[in-house]
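Undergrad: Before anything else, here's the structure in question.
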Amino acid sequence: MFRNIFTTFANCFKIPELKSRILFTLALLAVCRVMAYISIPGIDGAGLAKYMQEHAHGGVTSALGLYNRFAGGAYGNCAIGALGIMPYVTGSIILTLVQAVFPRLSKLAREEGGRAKIVQYGRYLTVPLCIGQGAYFANSYLHPGSAFQGYTGQLVVMDNIYLYYFLAISTMTTATLLLMWLGEQITERGIGNGVSLIITVGIVAGLPYACGDLVTMFFPAGGLESQYHLFGTGLLLLILLVVVIAGIIAITQAQRKVPVQYASRMVGRKMYQGGTNYLPLQVNQSNVMPIIFASSILMFPSPLCNWLASYAQPTFLRGPFLWLAPQLTYGAPFYLCMYALLILFFSYFWVATTFNEIQIADDLKKNGGYIPGVRPGQSTSDYLHKSMSRLTLAGAIFLTLIAVIPIMLYKQLNISQNIAQFFGGTSILIAVGVLLNTMRQVESHLMMRHYDGFLKKGRLRGRGY
C-alpha cells in the first residue's frame with residue numbers, strides 16, 4: 001500500500017502542469033508560515049515565545065486558544081499574521097447568512113457574475129473586521145496577563161501608545177489581506193482551496209508540539225514515573241485516532257442520493273431526451289460551522305458572569321453570577337450540555353440558510369424533473385425538507401461527539417490540549433476535509449493523464465474496467 005502511495009506521489013511530478021501547481025502551492029504556503037514568526041513592530045515577543053514553548057502553547061486562554069490554533073501559533077508569537085485568515089472567513093460566513101435575510105443578495109449570488117461580486121463584498125467586509133479584531137489583539141499584547149495566563153512580562157516596548165496601536169493594527173490588517181490574496185492565488189493557480197489550506201497548515205504546525213507533549217506524557221523528564229501506560233493508554237489513543245479519522249472521512253463523504261427522473265421535452269426545435277439522475281443530500285451539510293459558532297458563543301458567558309459578579313448591585317445579586325461562572329467554564333458539565341445543544345441548533349440553522357428546498361423543487365419542475373412517487377411542487381419541497389431534517393440530525397449528533405472528544409480527553413484524562421486537538425474537534429474536521437478535497441483534485445489531474453491515483457477502487461470504476 002505504501003509503495004503505491006509513493007508511486008502516486010512520484011507520478012504527480014511527472015505531469016508538468018500538476019508539478020508546477022504543487023510547487024506553487026508549497027511556495028505560497030511557506031510564505032504564509034513565515035508570516036507567523038515575524039514580530040509586530042513595537043513588540044518584543046521573545047519572552048512570550050519562550051514562555052509559550054515552556055508551557056507547550058497552553059498559556060493562551062480558552063477564548064483565544066482556538067484562534068491561535070487556526071493562525072498557526074502566530075498570535076502567541078506576536079507575529080504580523082496573528083489575525084490569520086479568519087477575518088476573511090468570518091466575512092464570507094456573514095455574507096452567506098445575510099443572503100437568507102436579504103433576497104436581493106440571494107438573487108445576485110445566482111446571477112451570472114454574481115458570485116464574483118459576493119466575493120468582492122467579502123473582501124471589503126474583511127477590512128473592518130481586521131481593524132476591530134486587530135484593536136482587540138493589540139490591547140491584549142499591551143495587557144498580556146489577561147490573555148496569556150501566568151505571563152507577567154511586558155511585550156510592548158514603545159512609549160507612544162497611539163503609534164503602537166496604529167502600527168499593530170495596520171500591520172496585522174495588511175498581513176491578513178496578504179494572506180487572503182495568497183489564498184486566492186493558490187485556489188486559482190495552485191492545487192486545492194487556498195484559504196482552507198492556509199488554515200490547515202496552521203493546524204498541522206501544532207503537530208510537533210503535540211508530539212513533544214506525547215513523548216513527555218509517557219516519558220517524563222527527570223526520570224519520573226509516568227502515570228500513563230504506553231501499551232494501555234497509548235494503544236487506546238491510537239485506536240481512538242484511527243476511529244475518529246475514519247468516522248470523519250465517512251461522514252464527510254456520506255450522502256443520500258435522491259433519484260430524479262427527467263421527462264423528454266421540446267425546447268424550440270431541439271428535443272431533450274429524458275433520463276434518470278440523482279440529487280445528492282449531504283449528511284454533514286453544515287460541515288464544521290456549528291462547532292465554530294458554538295465555540296465562539298461560549299467564549300463570553302463565563303467572563304461576563306465574573307464581571308457581573310464583581311460589579312452587580314445590590315450585593316445579593318452577585319451570588320447567582322458567582323455560581324454560574326464556573327458552570328460555564330471550558331469542560332464543565334453544564335458547558336458540555338450547552339455546547340451540544342448549540343451544535344444541534346446551529347446545524348439546523350446553517351442548513352436552513354444554505355439549503356433551499358423550495359427553490360430546488362421549483363427548478364426540478366421547470367426542467368421537467370420529478371422524484372419518483374412524489375408529486376412535483378409543494379410535495380417535492382416537503383419531501384426534501386423531511387429528508388434533509390433527518391440527515392441533519394445524524395450529522396449534528398456526529399459533530400457533537402467529535403467536538404466533545406478532545407474536551408473529555410483534556411478534562412477527564414488530563415491529556416494536553418495539543419494532543420487532544422488531533423483526536424476530534426474543529427481542527428481535525430477541517431484538516432481531514434481539506435486534505436480529502438485536495439486529494440480529489442490531484443486524483444482528477446492524474447486520471448486525465450492516465451496515471452494511477454490514490455483511490456484504486458474509485459479509479460477502476462471511473463475507467464470502466
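Undergrad: Can you name every residue in the range 350-365 that is among the hydrophobic types (A, V, I, L, M, F, W, C), under 15 Å from Gln282 (Cα atoms) and in a helix (DSSP H, G or I)?
TA: Matches in the range 350-365: Trp350, Val351, Ala352, Ile360.
Undergrad: Condition test on Gly222, is it at positive phi and exposed (fewer than 14 other Cβ atoms within 10 Å of the Cβ)? Full working, then the answer.
TA: On the way: at positive phi: yes; exposed (fewer than 14 other Cβ atoms within 10 Å of the Cβ): yes.
Yes.
Undergrad: Further question: In the range 77-123, what count of residues is obtained for those that are polar (S, T, N, Q) and closer than 30 Å to Tyr164 by Cβ?
TA: Here is the first cut: in the range 77-123, the residues polar (S, T, N, Q) are 77, 90, 92, 96, 99, 106, 120.
Of the ones still in play, those that are also closer than 30 Å to Tyr164 by Cβ are 77, 90.
Qualifying residue count for the region: 2.
Undergrad: Restricting to the range 166-201, and then to whatever is under 20 Å from the mean Cα position of the chain (by Cα) and free of Cβ contacts under 8 Å to residues at least 40 places away in the same chain, can you tell me which residue is farthest from Met439 (Cα to Cα)?
TA: Only one residue tops the list, namely Trp181.
Undergrad: Now for a different question. State which residue is nearest to the chain's Cα centre (by Cα) when the search covers only the range 202-242 and only residues that are small (Gly, Ala, Ser) and more than 27 Å from Leu29 (Cα to Cα).
TA: From the range 202-242, those small (Gly, Ala, Ser) are 202, 205-206, 210, 212, 221-223, 226, 232, 234; that's our starting set.
Filter once more, so that each one left must be more than 27 Å from Leu29 (Cα to Cα): 221-223, 226, 232, 234.
Values: Ala221: 35, Gly222: 38, Gly223: 39, Ser226: 34, Gly232: 32, Gly234: 27 Å.
Here the residue is Gly234.
Undergrad: Pairs please, first residue from the range 408-429 and at pLDDT 80 or above, second anywhere and outside any helix (DSSP H, G or I), Cβ atoms under 7 Å, 6+ apart in sequence or on different chains.
TA: Leu409/Ile415; Leu429/Val288
Undergrad: Starting from the range 222-246, keep only residues that are closer than 23 Å to Ile430 by Cα and modelled with pLDDT of 80 or more, then list their pairs with residues that are among the aromatic types (Phe, Trp, Tyr) and surrounded by 12 or more Cβ atoms within 10 Å (Cβ to Cβ) whose Cβ atoms are within a distance under 8 Å, requiring at least 6 positions of separation or different chains.
TA: Final answer for the pair search is Leu237/Phe423; Leu240/Phe423; Leu241/Phe422; Leu241/Phe423; Val244/Phe423.
Undergrad: Just one of the numbered conditions (1) more than 30 Å from Met388 (Cβ to Cβ); (2) under 33 Å from the mean Cα position of the chain (by Cα); (3) modelled with pLDDT of 75 or more is not true of Pro320; which one?
TA: (2)
Undergrad: I would also like to ask the following. Do we have any residue at all in the range 356-369 that's touching a Lys or Arg at 6+ places or on another chain (Cβ under 9 Å) and without any contact (Cβ under 8 Å) to a residue 40 or more places away in the chain? Before you say what the answer is, go through the steps one by one.
TA: Of the residues in the range 356-369, the ones touching a Lys or Arg at 6+ places or on another chain (Cβ under 9 Å) are 359, 367-368.
Subset that is without any contact (Cβ under 8 Å) to a residue 40 or more places away in the chain: 359.
Checked the range 356-369: at least one residue is touching a Lys or Arg at 6+ places or on another chain (Cβ under 9 Å) and without any contact (Cβ under 8 Å) to a residue 40 or more places away in the chain.
Per-residue answers, yes or no, for (1) under 17 Å from Ile38 (Cα atoms); (2) surrounded by 15 or more Cβ atoms within 10 Å (Cβ to Cβ); (3) without any contact (Cβ under 8 Å) to a residue 24 or more places away in the chain:
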{"position": "Tyr67", "(1), (2), (3)": "no, yes, yes"}
{"position": "Asn77", "(1), (2), (3)": "yes, yes, no"}
{"position": "Gly84", "(1), (2), (3)": "yes, yes, no"}
{"position": "Ser92", "(1), (2), (3)": "no, yes, no"}
{"position": "Leu95", "(1), (2), (3)": "no, yes, no"}
{"position": "Phe102", "(1), (2), (3)": "no, no, yes"}
{"position": "Glu111", "(1), (2), (3)": "no, no, yes"}
{"position": "Gly114", "(1), (2), (3)": "no, no, yes"}
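Undergrad: Determine which member of the set Gly373, Gly331 is in a loop (DSSP other than H, G, I, E, B) and in contact (Cβ under 8 Å) with a residue 60 or more places away in the chain. If you could, list the steps in order and put the result at the bottom.
TA: On the way: Gly373 fails: in contact (Cβ under 8 Å) with a residue 60 or more places away in the chain.
One residue alone meets the criteria, Gly331.
Undergrad: Also, I was wondering about something else. So which residues in the range 410-441 are in contact with a Leu (Cβ under 7 Å, 6 or more places away or on another chain) and farther than 26 Å from Met289 by Cβ, if there are any at all?
TA: Ile415 - this is the single residue of the range 410-441 that is in contact with a Leu (Cβ under 7 Å, 6 or more places away or on another chain) and farther than 26 Å from Met289 by Cβ.
Undergrad: Which count do you get for residues in the range 266-292 that are over 14 Å from Leu429 (Cα atoms) and either modelled with pLDDT under 80 or surrounded by fewer than 11 Cβ atoms within 10 Å (Cβ to Cβ) (or both)? If you could, list the steps in order and put the result at the bottom.
TA: Quick first cut of the range 266-292, residues over 14 Å from Leu429 (Cα atoms) only: 266-283.
From the residues that got through so far, the ones that are either modelled with pLDDT under 80 or surrounded by fewer than 11 Cβ atoms within 10 Å (Cβ to Cβ) (or both) too are 266-276, 280.
Total satisfying the criteria: 12.
Undergrad: Could you tell me whether any residue of the range 251-264 is under 30 Å from Val374 (Cβ atoms), at pLDDT 80 or above and part of a loop (DSSP other than H, G, I, E, B)?
TA: yes
Undergrad: Picking from Leu304, Leu341, which residue would you name as being part of a helix (DSSP H, G or I), modelled with pLDDT under 85 and loosely packed, with under 15 Cβ neighbours inside 10 Å? Quick ask: steps written out before the conclusion?
TA: Values: Leu341 fails: modelled with pLDDT under 85.
Sole residue among the options that is part of a helix (DSSP H, G or I), modelled with pLDDT under 85 and loosely packed, with under 15 Cβ neighbours inside 10 Å: Leu304.
Undergrad: Something else: Collect the residues in the range 129-159 that are over 21 Å from Gly65 (Cβ atoms), out of contact with any Gly (no Cβ under 9 Å at 6 or more places or on another chain) and not charged (D, E, K, R), keeping them in residue-number order. If you could, list the steps in order and put the result at the bottom.
TA: Going through the range 129-159, the residues over 21 Å from Gly65 (Cβ atoms) turn out to be 131, 154, 156-159.
Imposing the further condition that a residue be out of contact with any Gly (no Cβ under 9 Å at 6 or more places or on another chain) reduces the set to 131, 159.
The one that is over 21 Å from Gly65 (Cβ atoms), out of contact with any Gly (no Cβ under 9 Å at 6 or more places or on another chain) and not charged (D, E, K, R): Ile131.
Undergrad: For the structure I just gave you, tell me whether Gly132 is small (Gly, Ala, Ser) and in contact with a helix residue (DSSP H, G or I) (Cβ under 7 Å, 6 or more places away or on another chain). Break it down stepwise before answering.
TA: Details: small (Gly, Ala, Ser): yes; in contact with a helix residue (DSSP H, G or I) (Cβ under 7 Å, 6 or more places away or on another chain): no.
The answer is no for Gly132.
Undergrad: Let me ask you something else. For the range 247-258: of the residues being free of Cβ contacts under 8 Å to residues at least 40 places away in the same chain and not small (Gly, Ala, Ser), which is farthest from Ala420 (Cα to Cα)?
TA: Restricting attention to the range 247-258, the residues satisfying the condition of being free of Cβ contacts under 8 Å to residues at least 40 places away in the same chain are 250, 254-255, 257.
Checking which are not small (Gly, Ala, Ser) leaves us with 255, 257.
Working: Gln255: 28, Lys257: 35 Å.
By that ranking, first place goes to Lys257.
Undergrad: Taking the range 401-445 only, how many residues are in a helix (DSSP H, G or I), among the hydroxyl-bearing types (Ser, Thr, Tyr) and more than 13 Å from the chain's Cα centre (by Cα)?
TA: Kept after step one, since they are in a helix (DSSP H, G or I), are these residues of the range 401-445: 401-412, 417-423, 425-445.
If we keep only those that are among the hydroxyl-bearing types (Ser, Thr, Tyr) as well, we get 410, 426-427, 438, 444.
Adding the requirement that they be more than 13 Å from the chain's Cα centre (by Cα) leaves 410, 438, 444.
The number of residues fulfilling the criteria is 3.
Undergrad: While we're here: Going through the range 74-116 one residue at a time, which ones are farther than 30 Å from Phe137 by Cα and assigned to a helix (DSSP H, G or I)?
TA: Applying the first criterion (farther than 30 Å from Phe137 by Cα) to the range 74-116 yields 100-116.
Residues satisfying the conditions are Pro103, Arg104, Leu105, Ser106, Lys107, Leu108, Ala109, Arg110, Gly114, Arg115, Ala116.
The values are calculated or read from the model by the stated rules, or taken from the named source; none is laboratory data. Just so it is clear, the structure is predicted and the values come from calculations on it, not from any experiment. Glycine also receives a Cβ, built like all others from the backbone with ideal geometry; neighbour counts cover every protein chain displayed.
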